[in-house]
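To keep things clear, I will list the structure first and then write my remarks on it.
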Amino acid sequence: MTSWTATLARRAALGQRDWVAPMLVGLFALAVSLIGLGTPSVWYDEVATVSGSTRTLGQLWQLLGTVDAVHGVYYALMHVVFELFGYSPFTLRLPSAVAVAITAGVVVLLGRRIHGPLLGLVGGVVFSILPRVTWMAVEGRSYALSAMMAAILSLVLLRAIAECRWRWWLVYAGVALLSCVTFLYLGLVVVAHGIGMLVALIRRGQGAGRTAAGWAASAGVAGLLTLPFLALVASQSSQLPAMEPLGEQTVTEVAVTQWFGTSIPWAVIGIAFIVFGLWPRAGGTHAGGGAILLSALVIPTAALLVVALSNPGIYQPRYLGMCTPFVALAIASGVVRISARPIAVAMVGLLVVLAVPQFVSQRAPESKKDASWSTVAGFIQQQRTEHDGTAAVIFGKIQPHHAASARVIAYAYPQPFEGTVDVTLGIPAPDTGGLWETRLPLAGTLDRLDGVGTVFFITTEGAARRESTSQLLRRAGWVPRELWRADTVTVVRFDRSS
């Protein structure tokens, strides 16, 4: 070990016997994650979380029996969060930011076990600024939680391997079970653990039999207990939308989007560090830990790509956010392997610099699929302030989501719509057993406009398709007064004809 790495290792050892280093890195990750947490407009996937989690537990149970059972644990967690703190875009994403912070601390502990405190410290910092991680922190879905579970599961695995006692394999089985019902694809991390562990043990040439038996038994128990849940999820898979088949874009998704956002330079440098850091070296615990890291990096992606050949919806780059703890440690292993201190420090600084544009773009108001729903809600709020009286809303189509209506904007930002009349509402979402409400034809619900002073028609449809709604309202005595557009969403305000 060179003098500079020895010096840094001694400094990093401050937290080797306690929680100082994990706590500091976790707090750093939390501070990064909280910046601009509520700024990006809520989008369709996040509104699914809102719809599922803001209903009663009985209604949530009914929902999970019909659709989205795969997200059941996460919805239940978010239900508790909303009960305690209420719903807002900030509280929607706060658990993700906290999960990122916890994961960063666990990455420090993982790196410490694999190769010492320096690897853990650098790995935790790299994890905190990894573009996929900074994206997960502001996403009201279970991706950050999946990364946290993957990191914790891996830490338990290393402890079980080191001690090789059945109590730790029982803990591993329990965490593996919880991981799989939280995010089903974490089962691939369990498989990757087994393969990487066996490779490491075979190379070491001792103790392989008992350790392999421990993993096989614990993984087998977790797998058997997960089967009913897997069957339920499989029964709901037909409701998934058709996805684009694998093609040329898949190469970019795997090499760049999956972990590095839209930054090709980040991807090039990150992959170079991964290759350099995990390149086989003689002896040491790092060799065995490297086998587990490499397995956890490659196998989940490879498995999803193979299945996606016949079922394209199985692979989505964001699903592999669960592997970001291993990505960070693999990159960190390349950094700590550099013998020249100035170069290593400069490369870490370069990664930070490259992370800034990604971070800023992820916190932009319309960063999530160009969603402009917060802007639309702000316009409705302004119009209602300027025009006193009862208002009604006609929620039209919201593309490209055929199952939902523009009411998703009201789910995301409920305050501007409080007290309004939902003209075409059929069965409210919590009573349908599904994520979304049912809609009635406008022609049969025009009587709901009695006593209403203003009507807002919200849709993503073009002018030709909006015309049929406008004609119905004109015939009922309503006149379009203002048309306003935010990205793909159009809002038309109608007033009664004088």
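The values are calculated or read from the model by the stated rules, or taken from the named source; none is laboratory data. Small disclaimer: the values here were computed from a predicted structure and weren't measured. Note that we place each Cβ from the backbone using ideal geometry, even for glycine, and neighbour counts take in every protein chain shown.
What tally of residues in region 331-346 results from selecting those that are hydroxyl-bearing (Ser, Thr, Tyr) and either outside the structural domain of residue 260 (by TED's automatic domain parsing) or not in a helix (DSSP H, G or I) (or both)? Step through it out loud before you land on a result.
Of the residues in region 331-346, the ones hydroxyl-bearing (Ser, Thr, Tyr) are 333, 339.
From what's left, either outside the structural domain of residue 260 (by TED's automatic domain parsing) or not in a helix (DSSP H, G or I) (or both): 339.
Total meeting the criteria: 1.
If you scan region 408-434, which residues turn out to be in a helix (DSSP H, G or I) and either surrounded by fewer than 21 Cβ atoms within 10 Å (Cβ to Cβ) or in contact (Cβ under 8 Å) with a residue 40 or more places away in the chain (or both)?
Keep residues of region 408-434 that are in a helix (DSSP H, G or I), which gives 408-412, 415-417, 429-432.
Passing the criteria: 408, 409, 411, 412, 415, 417, 429, 430, 431, 432.
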For region 277-299, indicate whether the set of residues that are assigned to a helix (DSSP H, G or I) and among the hydroxyl-bearing types (Ser, Thr, Tyr) is non-empty. yes
Which number in (1) in a loop (DSSP other than H, G, I, E, B); (2) within 13 Å of residue 328 (Cβ to Cβ) marks the one condition that residue 119 misses? (1)
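Would you say residue 345 is surrounded by fewer than 18 Cβ atoms within 10 Å (Cβ to Cβ) and either in contact (Cβ under 8 Å) with a residue 40 or more places away in the chain or more than 20 Å from residue 40 (Cβ to Cβ) (or both)?
Details: surrounded by fewer than 18 Cβ atoms within 10 Å (Cβ to Cβ): yes; either in contact (Cβ under 8 Å) with a residue 40 or more places away in the chain or more than 20 Å from residue 40 (Cβ to Cβ) (or both): yes.
In short, yes.
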Conditions: (1) surrounded by fewer than 24 Cβ atoms within 10 Å (Cβ to Cβ); (2) in contact with a Gly (Cβ under 8 Å, 6 or more places away or on another chain). Residue 82 meets all but one. Number of the miss? (2)
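Return a yes/no flag: does region 4-15 have any residue that is part of a helix (DSSP H, G or I) and either at pLDDT 95 or above or hydroxyl-bearing (Ser, Thr, Tyr) (or both).
In the first step, residues of region 4-15 are kept if they are part of a helix (DSSP H, G or I); the result is 4-15.
If we keep only those that are either at pLDDT 95 or above or hydroxyl-bearing (Ser, Thr, Tyr) (or both) too, we end up with 5, 7.
Checked region 4-15: at least one residue is part of a helix (DSSP H, G or I) and either at pLDDT 95 or above or hydroxyl-bearing (Ser, Thr, Tyr) (or both).
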If I ask for residues that are out of contact with any Leu (no Cβ under 8 Å at 6 or more places or on another chain), of a type in the set (A, V, I, L, M) and surrounded by fewer than 24 Cβ atoms within 10 Å (Cβ to Cβ), which ones from region 85-124 would you list? 102
I'd like the full set of residues that are basic (Lys, Arg) and either outside the structural domain of residue 97 (by TED's automatic domain parsing) or assigned to a helix (DSSP H, G or I) (or both), limited to region 122-153. 132
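Return the residues of region 311-337 that are over 28 Å from residue 157 (Cβ atoms) and over 18 Å from the mean Cα position of the chain (by Cα); say none if nothing qualifies. Can you show your working first?
Applying the first criterion (over 28 Å from residue 157 (Cβ atoms)) to region 311-337 yields 311-313.
Those that are over 28 Å from residue 157 (Cβ atoms) and over 18 Å from the mean Cα position of the chain (by Cα): 311, 312.
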Look through region 150-177, keep the residues that are farther than 19 Å from residue 220 by Cβ and surrounded by fewer than 21 Cβ atoms within 10 Å (Cβ to Cβ), and return whichever of them is nearest to the chain's Cα centre (by Cα). 152
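So that you can scan it fast, the table gives a plain yes or no per residue for (1) at pLDDT 95 or above; (2) of a type in the set (Ser, Thr, Tyr):
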| site | (1), (2) |
| --- | --- |
| 78 | yes, no |
| 101 | yes, no |
| 113 | no, no |
| 128 | yes, yes |
Looking only at region 346-366, which residues are at pLDDT below 95 and either more than 30 Å from the chain's Cα centre (by Cα) or of a type in the set (D, E, K, R) (or both)? 346, 366
When you check residue 101 against the structure, is it in contact with a Lys or Arg (Cβ under 9 Å, 6 or more places away or on another chain) and assigned to a helix (DSSP H, G or I), yes or no? no
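If you take the residues in region 319-336 that are in contact (Cβ under 8 Å) with a residue 60 or more places away in the chain and in contact with a Gly (Cβ under 6 Å, 6 or more places away or on another chain), which one is surrounded by the fewest Cβ atoms within 10 Å (Cβ to Cβ)?
Pass one, region 319-336, residues in contact (Cβ under 8 Å) with a residue 60 or more places away in the chain: 319-329, 331-336.
If we keep only those that are in contact with a Gly (Cβ under 6 Å, 6 or more places away or on another chain) too, we end up with 328-329, 331-334.
On the way: 328: 30, 329: 33, 331: 27, 332: 28, 333: 25, 334: 23.
Ranking the qualifying residues of region 319-336, first place goes to 334.
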For region 446-498, what are the residues that are farther than 14 Å from residue 396 by Cα and β-branched (Val, Ile, Thr)? 452, 454, 479
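In region 435-469, which residue that is in a helix (DSSP H, G or I) and either within 34 Å of the chain's Cα centre (by Cα) or touching a residue at least 24 places away in the same chain (Cβ under 8 Å) (or both) is surrounded by the most Cβ atoms within 10 Å (Cβ to Cβ)? Steps first, please.
Initially, region 435-469 is screened for residues in a helix (DSSP H, G or I), giving 442-444, 446-449, 463-469.
This time we only want the ones that are either within 34 Å of the chain's Cα centre (by Cα) or touching a residue at least 24 places away in the same chain (Cβ under 8 Å) (or both), so: 442-443, 446, 448-449, 465-466, 469.
Working: 442: 19, 443: 11, 446: 17, 448: 16, 449: 21, 465: 12, 466: 19, 469: 18.
Per the criteria, the residue is 449.
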If residue 377 meets every condition in (1) in contact (Cβ under 8 Å) with a residue 60 or more places away in the chain; (2) in the same structural domain as residue 444 (by TED's automatic domain parsing); (3) crowded, with 18+ Cβ neighbours inside 10 Å apart from one, which number is that one? (1)
